[in-house]
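Note sheet for the following structure.
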Amino acid sequence: GDVFLGGGAFGSPYVFEWSQSEAYLTGKPPYTEWIEIAISNPVYVVSVEVGMPRGMGSISKIQVRSDGGEWLTLYADGPQQAKGLEFREIGHYMHFSPNVCRPHVPVSELRIEQDTSEETGIADWNYID
């Protein structure tokens, strides 16, 4: 199956289970990987820039969590396949900085979702800076 178990090296509080196919089938837009970043001092988001040396264009959604715990979508347009192919062919680093909705509340978490599937995403090693 595609269920991934991880985090055990850090102790039982960090163990998690992840199913790529479940996220791909239920995500809007679909995604297969994600990363969440904690922000120690909540900030007002005006822009987001993500550097990508490989797997360029794989970001499908960017969200932030308000102090109240609500996920707010800043960007949700699916992966940029044509742009990713262009950057891969010329071997350039990609600075991804989409127009984002600006929440009117300070946020303390950022979540980036990537579509790394062969069907609709960027099927390459996906690095983000």
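The values are calculated or read from the model by the stated rules, or taken from the named source; none is laboratory data. The structure presented is a predicted model; accordingly, all values stated were derived computationally and were not measured. Note: ideal-geometry Cβ built from the backbone for every residue, glycine included; neighbour counts use all protein chains shown. What goes into the accessible areas is simple: the full protein's heavy atoms, side chains included, and nothing from ligands, DNA or RNA. Shrake-Rupley method; radii C 1.70, N 1.55, O 1.52, S 1.80 Å.
Side notes on the structure shown:
- In percent, rounded to a whole number, the relative contact order of the chain is 33, using alpha-carbon pairs under 8 Å and six or more apart.
- Of PRO42, PRO13, PRO30, the one that fluctuates the most in a GNM where the chain has Cα springs shorter than 10 Å: PRO13
- Whole-percent carbon and sulfur share, accessible surface of the stretch 35-129, 1.4 Å: 50
- For the options TYR93, TYR75, TYR14, a Gaussian network treatment of the chain with springs between C-alpha atoms closer than 10 Å singles out TYR14 as fluctuating the most.
- Taking Cβ atoms as reference points and 15 Å as the exclusive limit, the residues near THR73 contribute a net charge of 0, counting Lys and Arg as +1 and Asp and Glu as -1.
- Sorting SER60, SER108 on solvent-accessible area from highest to lowest, probe radius 1.4 Å, gives SER108, SER60.
- Summing +1 for each Lys or Arg and -1 for each Asp or Glu among the other residues whose beta-carbon sits under 11 angstrom from that of ARG88 gives -1.
- Gaussian network model of the chain, springs between alpha carbon atoms under 10 Å - residue of PHE87, PHE16, PHE96 with greatest fluctuation: PHE16
- Solvent-accessible surface (1.4 angstrom probe) belonging to GLU36, in square angstrom, nearest 10: 80
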